[in-house]
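Structure first, commentary second.
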Amino acid sequence: MDQEIGQSAPMPESQEFSVPWSVLDNWIAVGILVLLNIGLLVFLYLSYGEQLVQGPGIILVELIYLLPVLVIFTWRRIHWKHLGFGKFDSITMGLGCSLLIAGYVFILLHNFILFALGVDTQGDAILKIFTELESPIWFFLVGVVFAPLVEEIFFRGFLFQGFRQRYGWVPAILISSAIFAAAHLDLVAFIPTFVLGSVLAYAYHRSNSVWPGIILHFLVNAFGLCAAYAATQFPGVIPS
């Protein structure tokens, strides 16, 4: 049951986990996403990657996450409201922020270990992208606006809910977060992305709403991208 903003947030009852698609639909969607990512990798291998991030074409890359959902929902004749666009409570947001802070402690430790081993982190890769961009506007637009919306719809609203219905909420968090991390096609960033996905999936579980995850995802991406861009513009002031 959706909660009004400001009210307490009891954990959802088991009967609220029911969704009008099956776990098989989830795995079909994952298979479609794998095929799309293979196509994307081939596209990048053909040296179109730089052109892609420079223009609006990068938006289309992000929107491919919606294609598996569109296929399944059209096939099953499911309304988009089932993805969880209802109201949410302030307690979920507070809990989500607290879990993000705890997660970042773990992520910083992870990055410190990578640094000690001489391995570039995800932040290093983002810094490199910014140094190569003529204008960061499209990269920012996708990272801050489209990615939180599209990825929360697919990974939490669709995948997490489907897995939760079949496996329970804890396995669903682990499975959906692992797929979320793998879909970013960055082995070094797998663990940090998995941690972020787990926090966002738990926020969905607490609220049965996709909005807390979208807001938290927006904050994470906005802070990370702004910090990375600032580091490239003021290298003598902000350490990279």
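Derivation of every value follows stated rules applied to the coordinates shown; laboratory data play no part. All values derive from a computational prediction rather than experimental measurement. Counting neighbours? That spans all protein chains shown, and the Cβs are built from the backbone with ideal geometry, glycine included.
Between Y104, Y45, Y229, find the one with the highest GNM mean-square fluctuation for the chain; connect C-alpha pairs within less than 10 Å.
Top of the fluctuation ranking is Y45.
Less than 12 Å Cβ to Cβ from L196, Lys/Arg counted +1 and Asp/Glu -1: what total charge do the surrounding residues give? Walk me through the numbers before you get to the answer.
Details: positive: R156; negative: E151, E152.
Around L196, the charge tally is -1.
Just flag the GluC sites (Glu not before Pro) in the stretch 119-190 sitting in loop per DSSP whose Cβ has no more than 10 other Cβ atoms within 10 Å. Could the numbers behind the result be given before it?
Numbers: sites: E132, E134, E151, E152; in loops: E134.
Answer by residue number: E134.
Would you be so kind as to identify all helices of the chain, as entire DSSP H runs, whose Cα atoms reach 24 Å or more along the helix's own axis and whose mean Kyte-Doolittle hydropathy is at least -1.0?
Details: long enough: 23-43 (30 Å, 2.17); 90-116 (39 Å, 1.85); 190-207 (26 Å, 0.84); 211-233 (32 Å, 1.14).
For the chain, where a helix must reach 24 Å along its axis and average at least -1.0, the hits are 23-43, 90-116, 190-207, 211-233.
Once you have the Cα-Cα distance between L141 and N37, take 0.36 nm times their residue separation minus that, and quote the gain in nm to one decimal.
Working: separation 104, 0.36 × 104 = 37.44 nm, distance 2.08 nm.
Taking 0.36 nm per residue and subtracting the Cα distance, the gain is 35.4 nm.
Between R166 and W27, what is 0.36 nm times their sequence separation minus the Cα-Cα distance? Round to one decimal in nm. All intermediate terms of the calculation are to be shown ahead of the outcome.
Numbers: separation 139, 0.36 × 139 = 50.04 nm, distance 1.20 nm.
Length difference between fully extended and current span is 48.8 nm.
Provide the packing ranking of 154-161, 202-209, i.e. peptides ordered by the mean count of other C-beta atoms within 10 Å per residue, highest first. List each step's numbers first, then the result.
Values: 154-161: 26.9, 202-209: 24.0.
Result, highest mean Cβ count within 10 Å first: 154-161, 202-209.
Report the FRET efficiency, 1/(1 + (r/R0)^6), for D124 and T74, where r is their Cβ-Cβ distance and R0 is 30 Å, rounded to 0.05.
Values: r = 40 Å, r/R0 = 1.35.
The computed FRET efficiency comes out at 0.15.
What is the spin-label model distance, in nm, from F106 to A222 if the labels are put 7 Å beyond Cα along the C-beta direction?
Result for the modelled spin labels: 2.5 nm.
Efficiency by 1/(1 + (r/R0)^6): what FRET value for H82 and Y45, r their Cβ-Cβ distance, R0 = 35 Å, to the nearest 0.05? Don't jump to the answer; show the numbers that get you there.
Numbers: r = 37 Å, r/R0 = 1.06.
E(calc), rounded to 0.05, equals 0.40.
Of V23, V199, V42, how do they rank once you tally other Cβ atoms within 10 Å and put the fewest first? Each step should come with its number before you reach the end.
Working: V23 17, V199 25, V42 10.
Exposure proxy ranking, most exposed first: V42, V23, V199.
Rounded to the nearest 500 deg cm²/dmol, what is the calculated helix-only ellipticity per residue at 222 nm for the chain, with -39500 (n - 2.57) per DSSP H run of length n ≥ 4? Present the calculation step by step, with values, prior to reporting the outcome.
Working: 12 runs with 156 residues, N = 240.
About -20500 deg cm²/dmol.
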